[in-house]
Amino acid sequence: MNPTTNVPDDPTDRPFRYSSIFWWGLFDKNSEGSRYMRRRSWIGLAFVAAGILLTPMLRAPLGPEIARFVPVIFGFAAAVWIATTFTRYLRCLDEMQRQLHYEPMAITYGVVMAAALVLGCLQLTIDWRFNPLYVVFAEPIRGLALAVVTRRRA
Amino acid sequence: VTNRLRVLRAERNWTQAALAEKLEVSRQTVNAIEVGKYDPSLPLAFKISQLFNQPIEAIFSPNGARS
């Protein structure tokens, strides 16, 4: 008996656990969100694997000037994939799950992004010319600086 | 906010999962509302009220008040 309500306890009514909310989308085998996230995660991993495998393979046929954009394209595709997965996943949640889940999920994604940044920096030590961070951020700045310098000289 | 959700559910011999299905929310949400860890939104409160055919104030009451 529940002393506060005088209602008999139902053995099927499992207690509330915050952790079960946190991991709802990933480890609760029966939830719609879980199935959805697992399916999308495999496809996301395929994106990453394809990027890692295809980038060095395409250098020779495409030439280094064009091949350096391959990781950018894969990076952009992965970013779109992550964004759509996250927004669609949130749609799978009900109001309480959305409220309690959003913050931990945002933290998780932050950690994943930080890990991606670290991996990007590690890649820099291997071959800086094909580093997505370099191509996206450093290359345009370098190009702009070169343009300014050549205009001044002219 | 306190509520009589658990009592109303037990009167009808429904499990949390069954009630959750009727309300189109997760079982965890029903549990969290019952134990007072989560206050439902107004649309969900109306849904609960319609399901049990009782006014909202008969199911939910502010802390300290007894219904």
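If you scan the range B:39-48, which residues turn out to be in a helix (DSSP H, G or I), more than 10 Å from the chain's Cα centre (by Cα) and at the interface with chain A (Cβ under 9 Å from one of its Cβ atoms)?
Within the range B:39-48, just B:P43 meets the criteria.
Is there any pair linking a residue in the range A:86-107 that is of a type in the set (F, W, Y) and part of a helix (DSSP H, G or I) to one that is at pLDDT below 70 and surrounded by fewer than 16 Cβ atoms within 10 Å (Cβ to Cβ), with Cβ under 8 Å and at least six apart or on different chains, and which?
As it stands, the answer is A:F86/A:Y109, since those pairs meet every condition given.
Using the structure shown, decide if B:L51 is within 11 Å of another protein chain (Cβ to nearest Cβ) and at pLDDT 95 or above. Give the derivation first.
Working: within 11 Å of another protein chain (Cβ to nearest Cβ): no; at pLDDT 95 or above: yes.
In short, no.
Taking interchain pairs and intrachain pairs at least six residues apart, which have beta carbon atoms under 6 angstrom, with the first residue in the range B:1-27 and more than 9 Å from chain A (Cβ to nearest Cβ) and the second part of a loop (DSSP other than H, G, I, E, B) and surrounded by fewer than 19 Cβ atoms within 10 Å (Cβ to Cβ)?
As it stands, the answer is B:V1/B:D39, since those pairs meet every condition given.
Looking only at residues in the range B:28-38 that are part of a loop (DSSP other than H, G, I, E, B) and at the interface with chain A (Cβ under 8 Å from one of its Cβ atoms), which one is surrounded by the most Cβ atoms within 10 Å (Cβ to Cβ)?
By that ranking, first place goes to B:Y38.
The values are calculated or read from the model by the stated rules, or taken from the named source; none is laboratory data. All figures in this text were calculated on a predicted structure; none of them were measured in a lab. FYI the Cβ positions are ideal-geometry reconstructions off the backbone, even for glycines, and counts take in every protein chain you see.
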